[in-house]
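The values are calculated or read from the model by the stated rules, or taken from the named source; none is laboratory data. Bear in mind that the values here come from a model prediction, so they are computed numbers and not experimental data. Every residue, glycine among them, receives a Cβ derived from its backbone with ideal geometry; neighbour counts consider all protein chains shown.
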Amino acid sequence: MNEIDLPFKVGEVVETKSFLVGYRGAWFQCKILEIYMLKGNLFYKLEYVNYPDEAPHETKVFEKPRGGKKNHLMIRPTYPPVYHESEVLKLKRHLDEPLVVVHGSWKVGDLVDWCKDDCYWSGKIVELMDNDAVQIDLFPKPVGEGSTYEGLCEDLRPSLEWSLEDGWKVPFTMKDGKRRQCAKLITPIKTEDTKHDVKGNGGLKSTQEVKSNGGLKLNIMESDSIEAAVLDIEELIVRIKWLKRKLNPDVGESCWKYEDHIASSSRM
């Protein structure tokens with residue numbers, strides 16, 4: 001990844017994480033004050049959004065945790081809006097930003113971010129408790145604090161991965177030998193990109209993007225709600241319209257793109 005190609009600008013609000021002991025595995029909202037290079041490394045000067053009394057701090061964009069071997073991207077865009085299946089059906093079809101659709105209720109093994117003290121701690125649900133509470137294991141050291149906490153379901157959001165190449169992705173987890181996603185990511189497709197793909201590839205290679213590894217993943221595989229079934233129908237309609245637009249680039253209507261993703265080996 002080329003560091004200078006990151007899309008962030010001064011004045012933009014982003015999410016950032018740290019490998020400082022006591023804060024590992026937590027995502028904070030920050031405003032970019034300055035972007036600069038120092039000894040060949042890219043740094044951002046950031047101001048905490050939810051901690052006005054804290055002084056601005058410098059963050060190295062690519063860092064290795066102590067004892068780790070892999071560089072981690074420490075900056076990413078603000079988290080997309082989150083909806084439940086019943087809510088997304090009421091939205092307008094044409095959106096200009098990604099959104100996250102949660103599948104029904106949380107389950108043991110789901111990768112989540114837990115809101116605590118105005119930041120989000122990444123971990124995994126290990127137990128469902130009474131009163132809409134769950135027990136969460138934070139990611140192990142050195143990328144997380146490795147502790148166990150009790151949190152409320154209303155304070156959870158699905159964990160997401162972000163990269164410059166792929167954008168937002170929902171990681172998979174394994175349960176009883178089957179892959180599971182606790183949420184579905186919906187991203188808008190720009191008409192200009194669709195036209196470019198068709199003209200640049202002769203209308204052949206672009207249609208292969210409709211295929212996904214392991215076949216079409218349906219929402220009803222993760223949730224037995226009526227909303228999940230309706231969402232599957234709408235998704236199939238969108239996929240068909242998207243394919244038609246690939247083959248006919250003169251159509252000027254935008255649409256949604258549904259993302260299926262295989263989890264990277266860097267996650268739990």
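What the table below lists for this structure:
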| read-out | value |
| --- | --- |
| Qualifying position, being farther than 23 Å from ILE186 by Cβ and outside the structural domain of LEU20 (by TED's automatic domain parsing), among GLU47, GLU127, GLU97, GLU54 | GLU127 |
| Residue count for region 72-115, restricted to those that are on the phi < 0 side of the Ramachandran plot and not in a strand (DSSP E or B) | 25 |
| Yes/no for LEU128 being in contact with a strand residue (DSSP E or B) (Cβ under 8 Å, 6 or more places away or on another chain), farther than 21 Å from GLY167 by Cα and modelled with pLDDT under 95 | no |
| Strands (runs of 3 or more DSSP E) contained in region 134-191 and holding at least 3 residues farther than 28 Å from ASP5 by Cβ and modelled with pLDDT under 95 | 173-175, 178-180 |
